[in-house]
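Data block below; observations after.
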Amino acid sequence: MSTLDEDVRDAVLAVLPGLSEEKLVSLLNKLASIGVESKSDLQFVKEDDLPDHITPIQCRRLLNAWNIEDKTVCAKVSPLESTNIVFDVSPVNSPSSNFSSSCTPSVSSTNSSSSTVDLTVWPENFEVPWNRMSSGIKTATALGRRPTAKERREMVRIIVDEMRQTELNPSKSQCLIVAKKIVKQYPQSFADVLKDGTRIGTGYGSLLIQLKTRVEHVNRGCSFSRRRKQKKTSNSPPEDTGPGPTDQYGCVRWQPECPVDDTEESLQEKQEEMKDLYSCEGPAGAQKGHLSQLMKATYYLQRKSINACPPPSIAELKNEWPYLFTPKELYSHFKSLTNISILERLEKSMEEKGKMILQFFRQKPAGTKTDEIQRILLKFDDSGASSFIPCVVLVLLSHFKEKNDALILQTDVSATAGDVEKSLVLPDSPRLIVLGDILTATQWMLSIEGQVVVGPHPNFIAGFAALFSSYYNFNLVYQEQASCTLEFVQRCFVGINPPTGTKAATAKIGGKKGGKVSEKRNHTVNPHVCTLLRKLMDFEWLSM
């Protein structure tokens, strides 16, 4: 994305931070089609120029904000105004401070000619008081290094104090503008970027969370500065009239066109050929070379089946596409859908980042569930396990206060799929079933919608790759009980980092038993995930 596109995108999100990704992309395309070449061009946009699928209120909010931005900030108080509140724009703290960081309320007469500050645009003009920062922050920004956690907290306190000179309780969208400006100015010091270059979400989510958390902290118990939301009446339309297509979250080939060399009839013949092969050879047929070619050729038809409305059950999909429920084809479908080789990606990233994560938690960092995590680490050390990956997953679950059985179930080492379905209560959402102790088990199965759909197979990481693939391949949301761990894996290990949205279930709008639902999009990363990622980034820099 170019700097220009990003500036226009930010101008939209500053006014409508809850706008879905689909509507945002459509809006940006529309603006480009009418000739918007720079952020300053937005002042010339009219309501008729905007797409039909955003509400009239959203259109007016955008136009109002864009028209205001290019007008003079300080205006004379209208003689018709009855209020006695005006704003004194005399400097505070230092002569170099601009109006946005120095406007404080004062009382004057109605006949006063004092100027007032337009509070709708101050974040755009806000200047961070770098001259008041600690030597640690100044050194870090000068050398392009990450400051320590303590230095960063001190910086946040200074910035929030400065913001509150203009606005006692800055909104999240206002904090977002400030956070984005800071990260854009000093990306090496403050951007949410892992050591391997992976950007987490927008890149400024963790700083946004810190700023807004500090704002809420200093305003606790203060009714004067509290932001009060008006109660919506039954016929009041929501700001965003519909949730985005969150099942497409992170996908690059959600629903391709039918291949030009094929027809649906010819693809259905290939589908029947694979069903016949499965009835004769079962899962072993997946090892045949031409099977993979048939699966790749029918990807369009597979997606059409999965994306059907109403969505099919997992049992129906397994009947129509039996080889889609083998590890090899689960990985292949995920690669076609996201352009990521899931098994290779997890193996590499777990090897590189997993050890660092365990080292981080061995330091007993503040704010973690230390006793439980240390118990897991001690058990891992005593188990003699050859792979540390199960330990990483258990530690993450514990840190996010999510139970192991929210993601992983245990059964007897000699259990069959039939035994598991009889002996365990299998939930609708996906579960990795390990045969034996989680830390040492060598065999696994996968269950979805109360039935075992894959297994048994060897290698824990292969099973975890199959588990994660299933959420994307079958349009499943992350179960709430393990949503933080799954989003952490998605962003840190798999590298799927959309700037908006989530695959965590929030509001069910369909009747799908397996949890195929749409959910409201958040603008930033899950705050718990974002906080841990920031701590790990700081730890990684300090341990270099």
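The values are calculated or read from the model by the stated rules, or taken from the named source; none is laboratory data. Values in this document were obtained by computation on a predicted structure and should not be read as measured data. Methodologically, a virtual Cβ is constructed for each residue, glycine included, from the backbone with ideal geometry; neighbour enumeration extends over all protein chains shown. Remember, those area values only see protein heavy atoms, side chains included, never the ligands or the DNA or RNA. Shrake-Rupley method; radii C 1.70, N 1.55, O 1.52, S 1.80 Å.
Some observations on this one:
- Within region 201-213, the set of residues being open to solvent by less than 20 Å² (accessible area, probe 1.4 Å) and assigned to a helix (DSSP H, G or I) comprises GLY205, SER206, LEU207, LEU208, LEU211.
- Those residues of region 408-435 which are modelled with pLDDT under 95 and open to solvent by less than 10 Å² (accessible area, probe 1.4 Å), in sequence order: VAL420
- Within region 430-460, tally of residues that are in a loop (DSSP other than H, G, I, E, B) and either among the acidic types (Asp, Glu) or farther than 16 Å from ILE314 by Cβ (or both): 9
- Test for THR368: is it open to solvent by less than 90 Å² (accessible area, probe 1.4 Å) and modelled with pLDDT under 90: yes
- Of PRO427, PRO499, all but one fail to be under 15 Å from the mean Cα position of the chain (by Cα), part of a loop (DSSP other than H, G, I, E, B) and touching a residue at least 12 places away in the same chain (Cβ under 8 Å); the exception is PRO499.
- Top-ranked residue of region 384-407 - restricted to ones that are on the phi < 0 side of the Ramachandran plot and surrounded by fewer than 13 Cβ atoms within 10 Å (Cβ to Cβ), ranked as modelled with the lowest pLDDT: SER386
- Evaluation of ASP381 against (1) surrounded by 17 or more Cβ atoms within 10 Å (Cβ to Cβ); (2) farther than 21 Å from CYS492 by Cβ; (3) modelled with pLDDT under 95 (one fails), failing number: (1)
- Filtering region 267-296 to residues that are open to solvent by less than 30 Å² (accessible area, probe 1.4 Å) and within 20 Å of VAL252 (Cα to Cα) leaves only MET295.
- Residue in region 156-177 that is closer than 30 Å to GLY354 by Cα and either modelled with pLDDT under 85 or more than 25 Å from the chain's Cα centre (by Cα) (or both) present: no
- Within region 308-331, the set of residues being out of contact with any strand residue (DSSP E or B) (no Cβ under 9 Å at 6 or more places or on another chain), in contact (Cβ under 8 Å) with a residue 12 or more places away in the chain and open to solvent by 40 Å² or more (accessible area, probe 1.4 Å) comprises PRO310, PRO311, GLU320, LYS328.
- Some residue of region 353-365 being basic (Lys, Arg), without any contact (Cβ under 8 Å) to a residue 24 or more places away in the chain and either outside any helix (DSSP H, G or I) or open to solvent by less than 70 Å² (accessible area, probe 1.4 Å) (or both): yes
- Hey, PHE464 in contact (Cβ under 8 Å) with a residue 40 or more places away in the chain, under 22 Å from ILE376 (Cα atoms) and of a type in the set (Phe, Trp, Tyr) or not: yes
- So LEU394, is it more than 16 Å from SER470 (Cα to Cα), in contact (Cβ under 8 Å) with a residue 12 or more places away in the chain, aliphatic (A, V, I, L, M) and not in a strand (DSSP E or B): yes
- Every pair of residues 6+ apart whose Cβ atoms lie under 9 Å, when the first sits in region 440-458 and is open to solvent by 30 Å² or more (accessible area, probe 1.4 Å) while the second is of a type in the set (S, T, N, Q) and part of a strand (DSSP E or B): GLY455/GLN443; GLY455/SER447; PRO456/GLN443; HIS457/GLN443; PRO458/GLN443
- Helices (runs of 4 or more DSSP H) enclosed by region 137-200 - at least 1 residues per element that are aromatic (Phe, Trp, Tyr) and open to solvent by less than 10 Å² (accessible area, probe 1.4 Å): 187-190
- Against the criterion of being open to solvent by less than 30 Å² (accessible area, probe 1.4 Å), farther than 17 Å from GLY203 by Cβ and at pLDDT 80 or above, LEU486 qualifies.
- Hits in region 493-522 (condition: modelled with pLDDT under 50, under 24 Å from VAL15 (Cβ atoms), of a type outside the set (S, T, N, Q) and surrounded by fewer than 20 Cβ atoms within 10 Å (Cβ to Cβ)): ALA507, LYS520
- Failed criterion for ALA462 (all others in (1) closer than 20 Å to TYR323 by Cα; (2) open to solvent by 30 Å² or more (accessible area, probe 1.4 Å) hold): (2)
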